[in-house]
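**Student:** Below are the structure tokens for one structure; questions will follow.
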Amino acid sequence: MKNARQLTEGAMLGAIYLVLLLVAIYVPFIKIFALCALPVPIILYWLRHGIKSGFIFSAAILLLSIIASPAGILTTLTIAIGASMTGYALHRKQSTYEALLKGTAGYALGVTIFWVLTQAITGINIIDTAQTTMQETMQEVRTQMENLGGSIPEERWGQVTEMIDYIFVLVPTLIAIYSLLYAFVTQWLAQKIHNRQQKEKILYPPFRRFNLPVIVLFIYFIGSFARWFNIDPNGGLYPFVVNITEFAGILLIIQGFSFMFYFAYERKLAKVFPILAVIFCILLGPLLLYLVRVLGIIDIGFRLRERLSSKK
């Protein structure tokens, strides 16, 4: 009876996955929504049936992907790792944040595999090609401005070029951010569907409870200190230091936002206030985000939440 139920559910979720995959490949208008929903069948099956059945299901949808196209195989490989890790973590009754971190790592690994396989198949380095295209585009803009009688000072042009190069150095950080957001959305969707169909309730804890370990603070300070030295931009150490520092800094910004929600909860303020504060900080950009990062640093380093609670 149990095996029959697993087979039935597996066939249903596999069919749903195949439909979503075909939509993601061939229907551009709703592609983004299909891609967000694509990991959900995998997460649900791993969540409900565990590792052995999950591996069989993942192998089956990989074979189904051949029906779609070669792009379908690459897409499935990209998302299956993160979705499987998320589903298995939830199956083991681990916290939703642990599942989120494992899913993030899985999706980042999947994107890296996609990048490597694409380069091996086509012989084209996506990052180098994009960087070259960007530089050529900027050079064309500069030429057009000069033809129209305008000019860009050499110092300013050098700053623009350095900024473009820096953005491409941050590709690992951008992959990590994308993976984190994608993992959050897909896990949230899977939890919503699972909770509607099962008696079990799996929920993200309130955002105000988000609290980073102190090690993130140490990583950020060590990376920031290392950047004071003249590290060779062409060396292997430079991208490592830059990416680990920037990613730790982003996590500290999230910590700062979390403290805003915690402060509002402790002071019994309406939820709209921290939400508006977050939107305001994001829209106004770097300066306010830097202050939010400082707030996150103070929160971790000086245990602001404990101090706030003790004053009640």
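The values are calculated or read from the model by the stated rules, or taken from the named source; none is laboratory data. This structure is a prediction, so every number in the text was calculated from the model and none was measured. No Cβ is skipped: glycine too gets one built from the backbone with ideal geometry, and neighbour counts run over all protein chains shown. Protein only, heavy atoms only, side chains kept; ligands, DNA and RNA dropped before computing areas. Shrake-Rupley method; radii C 1.70, N 1.55, O 1.52, S 1.80 Å.
**Student:** So which residues in segment 260-272 are in a helix (DSSP H, G or I) and open to solvent by 20 Å² or more (accessible area, probe 1.4 Å)?
**Tutor:** Residues of segment 260-272 that are in a helix (DSSP H, G or I), as a first pass: 260-266, 272.
Matches in segment 260-272: M260, F261, Y262, F263, Y265, E266, V272.
**Student:** If you check every pair at least six apart or on different chains, which have Cβ atoms under 9 Å apart with a residue in segment 30-42 that is closer than 17 Å to L64 by Cα first and a residue that is at pLDDT below 95 and in a loop (DSSP other than H, G, I, E, B) second?
**Tutor:** Going by the 9 Å Cβ cut-off, the qualifying pairs are A34/V27.
**Student:** Another question, if that's okay. Looking only at residues that are among the aliphatic types (A, V, I, L, M) and over 26 Å from the mean Cα position of the chain (by Cα) in segment 273-312, which one is least open to solvent (accessible area, probe 1.4 Å)?
**Tutor:** Only one residue fits best here, namely L308.
**Student:** Restricting to segment 7-61, name every residue that is within 16 Å of H194 (Cα to Cα) and basic (K, R).
**Tutor:** Of everything in segment 7-61, just one residue is within 16 Å of H194 (Cα to Cα) and basic (K, R), namely R48.
**Student:** Report whether or not T143 is at pLDDT below 80, more than 24 Å from the chain's Cα centre (by Cα), farther than 26 Å from V241 by Cα and part of a helix (DSSP H, G or I).
**Tutor:** Against the criterion (at pLDDT below 80, more than 24 Å from the chain's Cα centre (by Cα), farther than 26 Å from V241 by Cα and part of a helix (DSSP H, G or I)), T143 qualifies.
**Student:** When you check I43 against the structure, is it under 20 Å from F184 (Cα atoms), surrounded by 20 or more Cβ atoms within 10 Å (Cβ to Cβ) and not basic (K, R), yes or no?
**Tutor:** yes
**Student:** Which ones in segment 118-139 are open to solvent by less than 60 Å² (accessible area, probe 1.4 Å), in a helix (DSSP H, G or I) and closer than 18 Å to A71 by Cα?
**Tutor:** Matches in segment 118-139: T118 only.
**Student:** Let me spell it out: the conditions are (1) closer than 27 Å to T161 by Cβ; (2) free of Cβ contacts under 8 Å to residues at least 12 places away in the same chain; (3) in a helix (DSSP H, G or I); (4) open to solvent by less than 60 Å² (accessible area, probe 1.4 Å), and A248 meets all of them except one. Which number is the exception?
**Tutor:** Of the numbered conditions (1) closer than 27 Å to T161 by Cβ; (2) free of Cβ contacts under 8 Å to residues at least 12 places away in the same chain; (3) in a helix (DSSP H, G or I); (4) open to solvent by less than 60 Å² (accessible area, probe 1.4 Å), the odd one out for A248 is (2).
**Student:** Among the residues of segment 82-100, what is the count of those that are touching a residue at least 24 places away in the same chain (Cβ under 8 Å), open to solvent by 40 Å² or more (accessible area, probe 1.4 Å) and part of a helix (DSSP H, G or I)?
**Tutor:** Selection size over segment 82-100: 3.
**Student:** Right, another one. Would you point out the residue of segment 21-35, among those that are surrounded by 11 or more Cβ atoms within 10 Å (Cβ to Cβ) and among the aromatic types (F, W, Y), that is modelled with the lowest pLDDT?
**Tutor:** Among them, the one singled out is Y26.
**Student:** From (1) open to solvent by 60 Å² or more (accessible area, probe 1.4 Å); (2) small (G, A, S); (3) modelled with pLDDT of 80 or more, pick out the condition that doesn't hold for G110.
**Tutor:** It is condition (1) that G110 fails.
**Student:** Return the pairs, sorted by first residue and then second, in which the second residue is aliphatic (A, V, I, L, M), the first residue lies in segment 281-295 and is part of a helix (DSSP H, G or I), the beta carbons are less than 7 Å apart, and the residues are 6+ apart or on different chains.
**Tutor:** Note: pairs meeting the criteria are C281/L288; C281/L289; C281/V292; L289/I253; V292/I253; R293/L252; R293/I253.
**Student:** With (1) among the β-branched types (V, I, T); (2) exposed (fewer than 14 other Cβ atoms within 10 Å of the Cβ); (3) closer than 27 Å to A120 by Cα as the list, and I73 as the residue in question, which single condition is left unmet?
**Tutor:** With (1) among the β-branched types (V, I, T); (2) exposed (fewer than 14 other Cβ atoms within 10 Å of the Cβ); (3) closer than 27 Å to A120 by Cα applied to I73, the lone miss is (2).
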